[in-house]
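The values are calculated or read from the model by the stated rules, or taken from the named source; none is laboratory data. Note that the structure is a prediction, hence the values are computed from the model and not measured. Neighbour counts run over all protein chains shown; Cβ positions are idealised from the backbone, glycine included.
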Amino acid sequence: MIRVLGISGSLRRGSYNTALLRAVQELAPAGMTVDIHDIADVPLFNDDVLQAGFPPAADALRQAMRAADAVVFATPEYNRSIPGVLKNAIDWASRGPDQPFDGKPVAIMGASRGLIGTALANHHLRQILVYLNAFMVNGPEVLVGGAPQKFDGDGRLTDEPTRQFVAAHLVRLEAMVRVSRELKAAPR
């Protein structure tokens, strides 16, 4: 069984990115489960607070990341970058000791109303995760542009080519998790 943690960079109730994570749950290959973690309660990062210990919401995020075999981020693009709420969650999760991104397989995707999807946010998130030594699924990126035409009124991803593309991306993530497990199990 492969356990995947899904994190949306949007707090909006009708978020296309949270809807995209629900599609990830639906399209996951057999043997893969996807749990969506809400980051709305993670407080603003403050190193003074950290000195007293991780706040419960930040600690819960770190524990969920540690328990997962992989992480899928679905993020909108705000001002050519990732939303502050997502960067904040990453800042809390990445603090030592034993930050949970190190060697963790990660897939990045995003949905937006615009035509280029979330290409610039995707690129920025990759820069952050490279520094944290996460292993990202490469290849064609999941950039869902024109989201209002690809999701129905209930937030279900209905565009068949996009569904197939997301499913293929998850197969690549699955393969990455299997390789990661083999590397961890190899004698040193």
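Here are a few things to note about the model shown:
- Pair list, Cβ < 9 Å and 6+ apart or interchain, from the range 110-134 residues that are without any contact (Cβ under 8 Å) to a residue 40 or more places away in the chain to residues that are in a loop (DSSP other than H, G, I, E, B) and of a type in the set (S, T, N, Q): Tyr131/Ser94; Asn133/Gln99
- Residue that is closer than 25 Å to Asp102 by Cβ and in contact (Cβ under 8 Å) with a residue 24 or more places away in the chain, where the choices are Asp59, Asp35: Asp35
- Any chance Asp98 is among the charged types (D, E, K, R), touching a residue at least 40 places away in the same chain (Cβ under 8 Å) and not in a strand (DSSP E or B): no
- Taking the listed residues Gly153, Gly139, the one that is small (Gly, Ala, Ser), farther than 19 Å from Ser10 by Cα and out of contact with any Leu (no Cβ under 9 Å at 6 or more places or on another chain) is Gly139, with no other qualifying.
- Selection status of Gly103, without any contact (Cβ under 8 Å) to a residue 12 or more places away in the chain, in a loop (DSSP other than H, G, I, E, B), surrounded by fewer than 22 Cβ atoms within 10 Å (Cβ to Cβ) and not aromatic (Phe, Trp, Tyr): no
- Only residues that are out of contact with any Asp or Glu (no Cβ under 6 Å at 6 or more places or on another chain) and closer than 19 Å to Asp91 by Cβ were counted across the range 124-173, and they come to 11.
- Per this entry, Gly155 is counted among residues that are among the small types (Gly, Ala, Ser) and on the phi > 0 side of the Ramachandran plot.
- Sole exception among (1) surrounded by 21 or more Cβ atoms within 10 Å (Cβ to Cβ); (2) under 29 Å from Asn79 (Cα atoms); (3) more than 12 Å from the chain's Cα centre (by Cα) for Gly9, by number: (3)
- If you check Ala185, Ala168 for being modelled with pLDDT of 95 or more, farther than 29 Å from Asp47 by Cα and more than 15 Å from the chain's Cα centre (by Cα), only one passes: Ala168.
- Residues that are among the aliphatic types (A, V, I, L, M), outside any helix (DSSP H, G or I) and in contact with a strand residue (DSSP E or B) (Cβ under 6 Å, 6 or more places away or on another chain) within the range 58-95 comprise Ala68, Ala70, Val71, Val72, Ala74, listed in sequence order.
- Residue in the range 116-126 that is modelled with pLDDT of 95 or more, assigned to a loop (DSSP other than H, G, I, E, B) and of a type in the set (A, V, I, L, M) present: no
- Among all residues of the range 71-80, there is at least one that is exposed (fewer than 13 other Cβ atoms within 10 Å of the Cβ) and either more than 24 Å from Asp102 (Cα to Cα) or modelled with pLDDT under 95 (or both).
- Summed over the range 109-142, the residues that are buried (at least 21 other Cβ atoms within 10 Å of the Cβ) and in contact with a His (Cβ under 9 Å, 6 or more places away or on another chain) give a count of 3.
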